[in-house]
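To start, the structure under review is shown below, and the notes come after it.
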Amino acid sequence: TNERGYNESRPGTSPRFWYQLPDFAPRHRPDLCIARVNYRHPRVVLNQDREVLIDANFSTLWRADDTGLDPVALLALLTSTWVRASMELLGTVLGGGALKLEAAHLRRLLLPRPERDGEALLSQTGQMLKDEVDQAETAAAIDDVVSAMLGLDSSASQAVAALAQQRLGARAR
């Protein structure tokens with residue numbers, strides 16, 4: 001599919017052979033990536049400064065312009081229990097209990113739209129994730145921010161966490 005012969009009508013283009021890679025697009029150097037097939041809960045990975053090329057085994061997310069969440073805030077949001085439970089419900093369970101998450105599944109995620117202070121809090125908690133601060137403390141801080149954005153009380157948040165854990169347990173069987 002990468003092969004391209006010489007085309008006289010397009011001066012300045014050169015032939016491309018089957019062994020050559022196409023030009024890299026934003027999807028090849030995303031801000032974040034998520035494995036398409038997951039054994040445990042899906043894990044969102046930050047591609048710091050878009051340094052790493054990502055292949056087709058991952059779904060990729062990148063910021064198209066400055067109007068969206070910054071990548072670190074989006075990392076926090078996508079790491080929340082709310083999103084983890086949503087991924088569990090939207091993904092396709094494969095044999096052996098693996099969870100397949102395609103781009104089509106990720107497009108259907110229901111994400112809260114944070115106000116300015118919510119975005120700042122997500123950025124702070126995302127920075128904690130990036131800096132590998134205590135995982136339990138960071139997860140709790142992220143869930144507190146997302147629960148507040150969704151208007152959930154602590155019992156509703158606990159129910160969402162139980163749902164995510166139950167779904168993971170069902171897949172593992």
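Structure above, values below:
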{"read-out": "Karplus-derived 3J(HN,Hα), 6.51/-1.76/1.60, for each residue of region 41-55, Hz, glycine and proline x", "value": "4, x, 10, 8, 10, 7, 9, 3, 6, 6, 7, 9, 7, 10, 9"}
{"read-out": "Over the chain, relative contact order from alpha-carbon pairs under 8 Å, at least 6 apart, %", "value": "21"}
{"read-out": "Placed amide H near Phe58: partners under 5 Å, 5+ positions off or other chain", "value": "Arg36"}
{"read-out": "Anisotropy class of region 44-90 from Cα gyration tensor, a/c 1.5 cut", "value": "oblate"}
{"read-out": "Arg43 long-range amide H proximity, modeled H, under 5 Å", "value": "Ala35"}
{"read-out": "Inter-part distance where region 85-106 and region 11-57 are each reduced to a Cα centre, Å", "value": "20"}
{"read-out": "Under 14 Å, Cβ to Cβ, from Val52 - net charge with Lys/Arg +1 and Asp/Glu -1", "value": "-1"}
{"read-out": "Helix-only CD estimate at 222 nm, as mean residue ellipticity for the chain, using -39500 (n - 2.57) per DSSP H run (n ≥ 4)", "value": "-13500 deg cm²/dmol"}
{"read-out": "Whether region 43-173 is rounded, prolate or oblate, judged on the alpha carbon gyration tensor where a/c under 1.5 counts as rounded", "value": "oblate"}
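Laboratory data are not the source of any read-out in this text; all were calculated from the coordinates shown. Bear in mind the structure is a predicted one, so any value in this text is a computation, not a measurement. So basically every Cβ, Gly included, is an ideal-geometry build from the backbone, and we count neighbours across all protein chains shown.
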